[in-house]
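J.: Could you have a look at this structure, given as structure tokens, before my questions?
The values are calculated or read from the model by the stated rules, or taken from the named source; none is laboratory data. In this text, all values refer to a predicted model and were calculated from it rather than measured experimentally. Here Cβ is always computed from backbone atoms with ideal geometry, including for glycine, and neighbour counts include all displayed protein chains.
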Amino acid sequence: MSDNRGRGTGDNSGSAPYDFGGAWQPSEIEVARRIARKKRNRKNALIAALSSLLVLGTLLVVLVTSPGWITLRDTFFKWAYGFEVLPKIILGFGTNATLTLIAGTSVALLGLLIALIRTSRSPALTPFRFLATIYVDVFRGIPMLLVILLVGFGIPALQLKGVTNNVLILGTIAVIITYSAYVAEVIRSGILTVHPSQRAAARSLGLSHIQTLRHVVLPQALKRVTPPLLNDLVALIKDTGLISILGVTDAIRAAQIQTAKSFNYTPYVMAALVFLAVTIPLTRMTDRMLRNSLERQNAQGQA
Amino acid sequence: MNGPSMNGSGMSTPVLRVEKLRKSFGDEIVLQDITFSVPEHTATVFIGASGSGKSTLLRCINLLEQVDDGTIKLDGEDISAADVNPDEVRKKLGMVFQAFNLFPHMTVLENIILAPTRVQGIREEEAIAEAFKLLERFGLRDKADQYPDRLSGGQQQRVAIIRSLARNPRLLLLDEITSALDPVLVNEVLSTVRDLKGEGMTMVLATHEMGFAKQVANEVCFLHQGKILEWGPPEVILENPKLSETREFIKRVHDAGRL
Ligand SMILES: Nc1ncnc2c1ncn2[C@@H]1O[C@H](COP(=O)(O)OP(=O)(O)OP(=O)(O)O)[C@@H](O)[C@H]1O
Ligand SMILES: [Mg+2]
């Protein structure tokens with residue numbers, strides 16, 4: 001088949017310097033260019049390696065030769081002890097993970113609902129629109145720790161019948177309340193960036209308001225806000241640790257208990273590593289998605 | 001005053017009848033005293049300077065804008081009445097926009113079958129078969145699974161036309177469908193519209209393409225500052241208009257090389 005393609009169009013085959021048959025050889029200029037490029041790349045790699053070695057090496061030497069190094073190591077990086085308590089911390093992290101899952105799902109649904117209410121124009125929803133605005137303003141403006149304390153300690157203090165006193169549940173509710181306000185705003189901004197002409201096109205096709213939202217506006221809006229929402233997910237994973245203040249045994253609380261026993265801070269470092277093991281891959285993924293979606297947008301801009 | 005297209009053809013009910021339509025945005029009166037009819041199987045073309053109100057008129061017919069006064073009748077039924085459900089009306093209308101407005105997150109095929117499956121309740125297999133028939137006819141079959149941003153402007157606009165046709169509309173509204181296109185791509189879109197006209201589709205168009213207007217129009221209306229200033233068969237309006245405003249406009253378009 002390659003000889004077929006190589007034949008060209010006949011008329012101008014004599015003058016065409018191109019041979020698409022596959023027998024292409026880089027010209028001398030291109031060969032020289034490639035060698036020069038390879039040389040430059042090698043030089044750059046060498047510079048990068050040397051400078052890294054120099055900077056990191058210096059830091060390490062300064063660290064281990066400093067007078068407090070031994071104490072520092074024994075207080076924060078006692079690895080043998082660290083691995084001893086690791087199972088307890090991972091068990092505690094199970095609470096953080098479960099909480100992230102439950103709160104994450106609830107936040108997604110509640111945030112979406114609030115965003116839809118705030119962007120709707122239906123007159124019947126006017127009071128809800130008003131309430132949703134207040135809700136978002138209030139809970140975006142209060143430190144989450146305060147909400148956790150208010151809900152986690154305040155509600156049991158009311159001694160209401162039929163209302164749970166389980167701090168784990170109350171803490172989760174506090175997290176959901178706060179995060180829904182953030183996520184609602186992210187989703188709302190996504191909805192607002194979908195161009196009005198998209199709605200006009202959908203409506204002129206006979207789609208109802210709801211159908212337009214469901215098939216045209218929301219898919220585009222959610223795709224656009226996925227990277228910021230993933231950022232919020234990372235923040236949520238970390239912030240689930242805040243409910244340890246209510247006495248829930250999560251990763252942080254588990255580490256705290258160990259530290260209180262041994263007066264050694266390695267458990268805290270282990271807890272930090274456990275969080276990092278989950279959050280770093282997520283952050284990398286978010287970065288990649290953001291880059292991809294930016295590239296797609298740029299490609300569209302050129303078309 | 002009975003307006004364009006009332007000459008003799010007043011026997012049967014026209015597909016579209018607009019009477020004394022008025023529309024303003026705030027203090028700016030964009031359309032006034034607009035009266036015309038579009039009989040079945042004919043095309044009415046609106047020409048006029050930028051800002052003369054062509055898009056607004058089409059959007060009013062499609063109920064995307066609320067009129068200030070006057071009536072719009074589709075097959076004799078008043079669609080400007082207060083108790084009309086716009087969604088029901090729009091099922092009978094097809095609209096194609098200047099900027100295509102395809103849905104970027106859907107493939108060509110998904111764009112086309114969205115309304116038939118969701119609005120008309122046609123079974124998906126049936127809608128897909130119908131869509132492929134249309135794609136085949138307009139030479140776009142191999143693009144069915146592409147996303148719109150991978151198509152040329154002309155292909156996108158033809159997909160938009162197919163999308164509006166997939167619901168068998170009574171009336172097609174085409175708003176300057178070629179003005180966002182490179183000159184070389186204009187022809188493929190225009191020939192598509194000519195084909196539709198040949199098949200008897202009733203339509204209302206706004207365009208800056210005078211040559212095309214001459215080929216496809218049964219009647220040309222010259223819109224000037226929100227009023228239909230002059231109307232008649234394309235040969236008359238485009239080549240031998242009575243009013244100086246019309247002559248002025250035609251001359252300007254001519255000088256811009258669009259005739
Ligand atoms: N939503 C709106 N709000 C306020 N003014 C508007 C709105 N839409 C259109 N107008 C005004 O109405 C007038 C007519 O606009 P329209 O888009 O109908 O013109 P057009 O004839 O389609 O022009 P073009 O050839 O440039 O597309 C313009 O002066 C425009 O500024
Ligand atoms: Mg316009």
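J.: Considering region B:150-191 alone, what residues qualify as being modelled with pLDDT under 85 and within 16 Å of ligand 2 (Cβ to nearest atom)?
T.: Listed by number, the residues that qualify are B:SER179, B:ALA180, B:LEU181.
J.: Also, I was wondering about something else. Can we say B:VAL30 is more than 25 Å from B:LEU190 (Cβ to Cβ), away from chain A (no Cβ under 14 Å) and in contact with a strand residue (DSSP E or B) (Cβ under 7 Å, 6 or more places away or on another chain)? Let's see the steps before the verdict.
T.: Working: more than 25 Å from B:LEU190 (Cβ to Cβ): yes; away from chain A (no Cβ under 14 Å): yes; in contact with a strand residue (DSSP E or B) (Cβ under 7 Å, 6 or more places away or on another chain): yes.
Judged against the criteria, B:VAL30 is a match.
J.: I'm checking my understanding of the structure. Among residues of region B:79-106 that are within 11 Å of ligand 1 (Cβ to nearest atom) and hydrophobic (A, V, I, L, M, F, W, C), which one is nearest to B:PRO39 (Cα to Cα)?
T.: Here is the first cut: in region B:79-106, the residues within 11 Å of ligand 1 (Cβ to nearest atom) are B:97-99.
If we keep only those that are hydrophobic (A, V, I, L, M, F, W, C) too, we end up with B:97, B:99.
Values: B:PHE97: 23, B:ALA99: 28 Å.
Among residues in region B:79-106 that are within 11 Å of ligand 1 (Cβ to nearest atom) and hydrophobic (A, V, I, L, M, F, W, C), the one nearest to B:PRO39 (Cα to Cα) is B:PHE97.
J.: Now a separate question. Which one is nearest to A:GLY206 (Cα to Cα) among residues in region B:103-120 that are touching a residue at least 40 places away in the same chain (Cβ under 8 Å) and touching an Asp or Glu at 6+ places or on another chain (Cβ under 9 Å)?
T.: Looking at the filtered set, the residue picked out is B:VAL119.
The rows are residues; the columns are (1) within 21 Å of the chain's Cα centre (by Cα); (2) more than 10 Å from every other protein chain (Cβ to nearest Cβ).
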| site | (1), (2) |
| --- | --- |
| B:SER80 | yes, yes |
| B:PHE97 | yes, no |
| B:HIS105 | no, no |
| B:ASN111 | yes, no |
| B:ALA127 | no, yes |
| B:LEU135 | yes, yes |
| B:GLY139 | no, yes |
| B:ARG150 | no, no |
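J.: Here is a further query. Looking only at residues in region B:63-78 that are within 15 Å of the chain's Cα centre (by Cα) and in a loop (DSSP other than H, G, I, E, B), which one is nearest to ligand 1 (Cβ to nearest atom)? Spell out how you get there, then give the answer.
T.: Going through region B:63-78, the residues within 15 Å of the chain's Cα centre (by Cα) turn out to be B:63-64, B:74.
Filter again for in a loop (DSSP other than H, G, I, E, B), leaving B:63-64.
Values: B:LEU63: 14, B:LEU64: 10 Å.
The qualifying residue nearest to ligand 1 (Cβ to nearest atom) is B:LEU64.
J.: Of all the residues that make up region B:21-62, how many are near ligand 1 (Cβ under 10 Å from one of its atoms) and part of a strand (DSSP E or B)?
T.: So the count comes out to 9.
J.: Next up: Which count do you get for residues in region B:132-176 that are surrounded by 19 or more Cβ atoms within 10 Å (Cβ to Cβ) and acidic (Asp, Glu)?
T.: 2
J.: Now for a different question. Counting only residues that are touching a Leu at 6+ places or on another chain (Cβ under 9 Å) and more than 15 Å from A:ILE114 (Cα to Cα), give me the helices (runs of 4 or more DSSP H) lying completely in region A:168-259 with at least 3 of them.
T.: Details: elements: A:196-204, A:209-212, A:218-239.
Because the criterion is at least 3 residues that are touching a Leu at 6+ places or on another chain (Cβ under 9 Å) and more than 15 Å from A:ILE114 (Cα to Cα), the helices (runs of 4 or more DSSP H) in region A:168-259 that meet it are A:196-204, A:218-239.
J.: Filter region B:33-59 down to residues that are β-branched (Val, Ile, Thr) and away from every other protein chain (no Cβ under 14 Å) and give me whichever is nearest to ligand 2 (Cβ to nearest atom). Break it down stepwise before answering.
T.: Here is the first cut: in region B:33-59, the residues β-branched (Val, Ile, Thr) are B:34-35, B:38, B:42, B:44-45, B:47, B:56.
Retained after the next criterion (residues that are away from every other protein chain (no Cβ under 14 Å)): B:34-35, B:38, B:42, B:44-45, B:47.
Numbers: B:ILE34: 15, B:THR35: 21, B:VAL38: 19, B:THR42: 22, B:THR44: 16, B:VAL45: 14, B:ILE47: 12 Å.
Only one residue fits best here, namely B:ILE47.
J.: Looking at the structure I just gave you, is A:VAL107 surrounded by 14 or more Cβ atoms within 10 Å (Cβ to Cβ) and under 30 Å from the mean Cα position of the chain (by Cα)?
T.: Numbers: surrounded by 14 or more Cβ atoms within 10 Å (Cβ to Cβ): yes; under 30 Å from the mean Cα position of the chain (by Cα): yes.
It is true that A:VAL107 is surrounded by 14 or more Cβ atoms within 10 Å (Cβ to Cβ) and under 30 Å from the mean Cα position of the chain (by Cα).
J.: Ok, one more. For a quick check of your reading: which strands (runs of 3 or more DSSP E) sit entirely within region B:155-259 and have at least 1 residues that are more than 23 Å from B:ALA115 (Cα to Cα) and more than 16 Å from ligand 1 (Cβ to nearest atom)?
T.: Details: elements: B:171-175, B:203-206, B:219-224, B:227-232.
Passing ranges, in order: B:219-224, B:227-232.
J.: Select, from B:ARG118, B:ARG90, the only residue that is more than 16 Å from ligand 2 (Cβ to nearest atom), more than 24 Å from B:PRO233 (Cα to Cα), within 14 Å of chain A (Cβ to nearest Cβ) and under 14 Å from the mean Cα position of the chain (by Cα). Before the answer, list the steps.
T.: Numbers: B:ARG118 fails: under 14 Å from the mean Cα position of the chain (by Cα).
Unique residue meeting the criteria: B:ARG90.
J.: If B:ARG123 satisfies all but one of (1) within 13 Å of chain A (Cβ to nearest Cβ); (2) free of Cβ contacts under 8 Å to residues at least 24 places away in the same chain; (3) more than 17 Å from the chain's Cα centre (by Cα), what's the number of the condition it fails?
T.: The failed condition is (1).
J.: Can we say B:GLY200 is within 28 Å of B:THR13 (Cβ to Cβ) and surrounded by fewer than 22 Cβ atoms within 10 Å (Cβ to Cβ)? Explain how you work it out, then say what you get.
T.: On the way: within 28 Å of B:THR13 (Cβ to Cβ): yes; surrounded by fewer than 22 Cβ atoms within 10 Å (Cβ to Cβ): yes.
The answer is yes for B:GLY200.
J.: Given the structure, is B:LEU181 surrounded by 19 or more Cβ atoms within 10 Å (Cβ to Cβ) and without any contact (Cβ under 8 Å) to a residue 40 or more places away in the chain? Can you show your working first?
T.: On the way: surrounded by 19 or more Cβ atoms within 10 Å (Cβ to Cβ): yes; without any contact (Cβ under 8 Å) to a residue 40 or more places away in the chain: yes.
Yes: the conditions hold for B:LEU181.
Per-residue answers, yes or no, for (1) under 30 Å from B:GLN157 (Cα atoms); (2) touching a helix residue (DSSP H, G or I) at 6+ places or on another chain (Cβ under 9 Å); (3) buried (at least 20 other Cβ atoms within 10 Å of the Cβ):
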residue	(1), (2), (3)
A:ILE177	no, yes, yes
A:VAL183	no, yes, yes
A:SER204	yes, yes, yes
A:SER208	yes, yes, no
A:VAL216	yes, yes, yes
A:LEU230	no, yes, no
A:TYR265	no, yes, no
A:MET270	no, yes, yes
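J.: Which residues, counting only those in region B:60-72, are surrounded by fewer than 20 Cβ atoms within 10 Å (Cβ to Cβ) and within 13 Å of ligand 2 (Cβ to nearest atom)?
T.: B:LEU64, B:GLU65
J.: Out of region B:20-44, which residues are of a type in the set (D, E, K, R) and in contact with a helix residue (DSSP H, G or I) (Cβ under 8 Å, 6 or more places away or on another chain)?
T.: Of region B:20-44, the ones of a type in the set (D, E, K, R) are B:20, B:22-23, B:27-28, B:33, B:40.
The answer is B:LYS23, and nothing else.
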